[in-house]
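Have a look at the structure below before the remarks.
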Amino acid sequence: MTVGEEFVQEQRAKLASDPHRPQYHFLPPANWMNDPNGLIQWKGRYHLFYQYNPRGPFHGDIHWGHAVSDDLLHWQDLPAALTPTAGGLDEGGCWSGCIVNNDGQPALFYTAVHPQVVCMATGDDELVRWRKSEANPLIERPPADIDAGDPWHFRDPYVWKEGDTWYMIIGTQVIGQGGAILLYRSGDLLAWEYVGPLFAGDRYQREPFWTATMWECPNLLRFENRDVLIVSFQDLEARKLLYTGYFTGAYQDHRFESQAQGVLEYGAYSYAPQVMRDEGGRYLLFTWLWEGRSEEAQRAAGWAGVMSLPRVVSVDNQGRLCMTPAPELRSLRDRNVAFHDLEVTPDGPPVLQDVQGDALEIEAEFAGTTATRFGLAFRRSPDGEEETRLLYDVEQETLWVDRRRASADPEAHRAAPDSHRQVERMPVACEDGKLRLHLFLDRSVVEVYVNERAVFSTRIYPTRPDSTGLRLLSEGGETRVGCLNVWHMESIW
Ligand code: FRU
C-alpha cells in the first residue's frame, strides 16, 4: 500500500468511527459542505448538488459536489460537477445556484466569484459533465440603480419558466436599506434583462423578526392560490448567517406582495435551503445544517456540514409554511417499540428504559396535561450527566430545546453563531389540545417536526457512548401520552 492509500484508508476508518457522523442524513464522504444547489429530479433520479470544498472541512475553494439517488434516501457520490477555473471568472469559487430543464437540456446557473457574477453551464444527459458557457458572465454586475456594496453582494440565481419566458431571481443587499431580491427575464437563458426588484426588506424593522442586511439563496414556490418566497438572511456587518424566513403572498406583475411571514425553521444551525419540484409535483426541500463544534474539532474530524432530511413543503390556509418529513423515510424504519396511553408524572419511573439509541425516529402524541411543562429527553446518560431536553411550556405555548447538558464537552458548541443560546425556543400552539412531536435523532443531528408543520433542528455532541437513553418529562402535574413510537433507523451508507 502506498503512503497515499494508507492515508485514505486511515481517513475512512476515522470517519466511520466518528460517533457524531450521521447515519441516515446525507453528507459527502469527507470535507466541507454547505448549501444544497441545483436540486432536480432528472429522468426519475434525484440529483443533489452542494457547496463543497475538496481540500478540507472548512469553507474555501468552493466546487459543486454531486450525489444521485433513486429513492431520496440512499445517495451515490459522483465527481464534483463544477470546479473553479484558474484564471477564470470563478477562480474564487463556484457558489450557489440552480439547475433547470431547458427542453431536455440541463442548464446550470451559478455564482462565480469574485466579483459575484452569474454564470451558466450545460450538462450531459447524466448531469455528470458540465461545460461552462462561452457567454459567461451572463450577468456581470448588479443593476446600475442598486447600490449592492463594494465589493457587491449579488448571488444565488434561482430560475423558472412561465410560458415562453424564463425568470431569474438573485439575492442582494441595498446599502442603507436591507436585503433585496432582484428579478430578471430571458427568452433564451443567455441574454438576461433586469425587470426590477421583486421584493425587499427593511434592515431597521425588527418585528416580527429581523431580516438583517443581505438576502441570499432565494426560492419562489408557486402553489395553486398562493406563492411563497424563501430567503436566507445574512448580517453582513457582523458577518453572521442568521436564519431563513419565508413570505407567503402573491407574485404578480413582477412584484411579490407579502401577506404573511414566518421563520422557516427554528434552531441556530439551519441555513440556505433549496426547494425543487419533483416529477410527482411535490415541493421538496433540503437545508444545510452546519456544525456546532469548534473549528479545530471540525478539522480533526475531517468533515463539516450535513444536509437535512428531505421534506415536503406546503402552505396551509393561514398562509403558514408547513414542512413534513418525506414519506420515503419510513422505509428506513427498523425495529419498533410502541407505548400507548402512558400517564407521565413528575416523579414517575423512567418508562422508556427498554429503548435507546443515537439513530432513532420518535413519534410522540401528548394528548392532555395538568403540568406546566412536559416533553421528552434524549441522548441521556444513565446518571443524567448528559441529556438534551425538549420541553413544552403550556402557558407560554413555547417549545424549549435545552442543550445545556447535551454534551460534557465545553467546546461542543463553539463554532455556531449564537451558540451561547443553549436553550432555544420555538413558539407553537397545541392543536385540539394535542402536541405531536416527530423527532429524528441521528447522532449529532436533531430534527423535530411539530404538529406536522413546523420544524426545529439543532446539533448536539454528547461525549459518552452511553448517552443513548430516552425519558418522558412532566413538571408540576401529569401528562397523558396517547402513543409513543420509537424506531431504530437503518443507516443509508
Ligand atoms: C449561503 C451562501 C450563498 C453563497 C454560498 C457560498 O450559505 O453564502 O449565498 O452562494 O453560501 O458558499
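Please treat every number below as a calculation from the coordinates, not as lab data. In this text the structure is predicted, and so the values were computed from the model without any measurement. So basically every Cβ, Gly included, is an ideal-geometry build from the backbone, and we count neighbours across all protein chains shown.
In table form, for the structure just shown:
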quantity	calculated
Test for A81: is it assigned to a strand (DSSP E or B), of a type in the set (A, V, I, L, M, F, W, C) and more than 22 Å from the chain's Cα centre (by Cα)	no
Some residue of the range 232-239 being within 30 Å of Q23 (Cβ to Cβ), part of a strand (DSSP E or B) and under 13 Å from the mean Cα position of the chain (by Cα)	yes
Any hit, the range 108-120, residues being more than 16 Å from the ligand (Cβ to nearest atom), in contact (Cβ under 8 Å) with a residue 24 or more places away in the chain and surrounded by 14 or more Cβ atoms within 10 Å (Cβ to Cβ)	no
Single residue of G476, G469 found to be farther than 28 Å from L285 by Cα and buried (at least 17 other Cβ atoms within 10 Å of the Cβ)	G469
Exclusive hit being within 15 Å of the ligand (Cβ to nearest atom) and of a type in the set (A, V, I, L, M), set I62, I40	I62
Any chance Q252 is out of contact with any strand residue (DSSP E or B) (no Cβ under 8 Å at 6 or more places or on another chain) and more than 16 Å from the ligand (Cβ to nearest atom)	yes
Residues of the range 275-289 that turn out to be within 15 Å of the ligand (Cβ to nearest atom) and surrounded by fewer than 19 Cβ atoms within 10 Å (Cβ to Cβ), as a count	0
Counted residues, the range 135-158 - those being within 14 Å of the ligand (Cβ to nearest atom), within 19 Å of L189 (Cβ to Cβ) and among the hydrophobic types (A, V, I, L, M, F, W, C)	1
Of all residues making up the range 85-107, the number that are without any contact (Cβ under 8 Å) to a residue 24 or more places away in the chain and assigned to a loop (DSSP other than H, G, I, E, B)	6
The one condition in (1) of a type in the set (A, V, I, L, M, F, W, C); (2) within 16 Å of the ligand (Cβ to nearest atom); (3) over 30 Å from A80 (Cβ atoms) that W210 fails to fulfil	(2)
Which numbered condition A268 fails, given (1) buried (at least 18 other Cβ atoms within 10 Å of the Cβ); (2) assigned to a strand (DSSP E or B); (3) of a type in the set (G, A, S)	(2)
Subset of the range 85-94 (residues that are within 12 Å of the ligand (Cβ to nearest atom) and surrounded by fewer than 24 Cβ atoms within 10 Å (Cβ to Cβ))	G92, G93
Matching option when the condition is touching a residue at least 24 places away in the same chain (Cβ under 8 Å), surrounded by 18 or more Cβ atoms within 10 Å (Cβ to Cβ) and within 16 Å of the ligand (Cβ to nearest atom), among N53, N34	N34
Which listed residue is crowded, with 19+ Cβ neighbours inside 10 Å, over 23 Å from V113 (Cβ atoms), in contact (Cβ under 8 Å) with a residue 60 or more places away in the chain and not hydroxyl-bearing (S, T, Y), from L189, L229, L220	L220
Filtered residues of the range 179-207 (kept if within 16 Å of the ligand (Cβ to nearest atom) and more than 20 Å from A107 (Cβ to Cβ))	G179, A180, I181, G201
Residues of the range 433-458 satisfying the condition of being closer than 17 Å to F26 by Cβ and among the hydroxyl-bearing types (S, T, Y)	S444, S457
Selection count, the range 349-378, where residues are more than 18 Å from Y449 (Cα to Cα) and not in a loop (DSSP other than H, G, I, E, B)	4
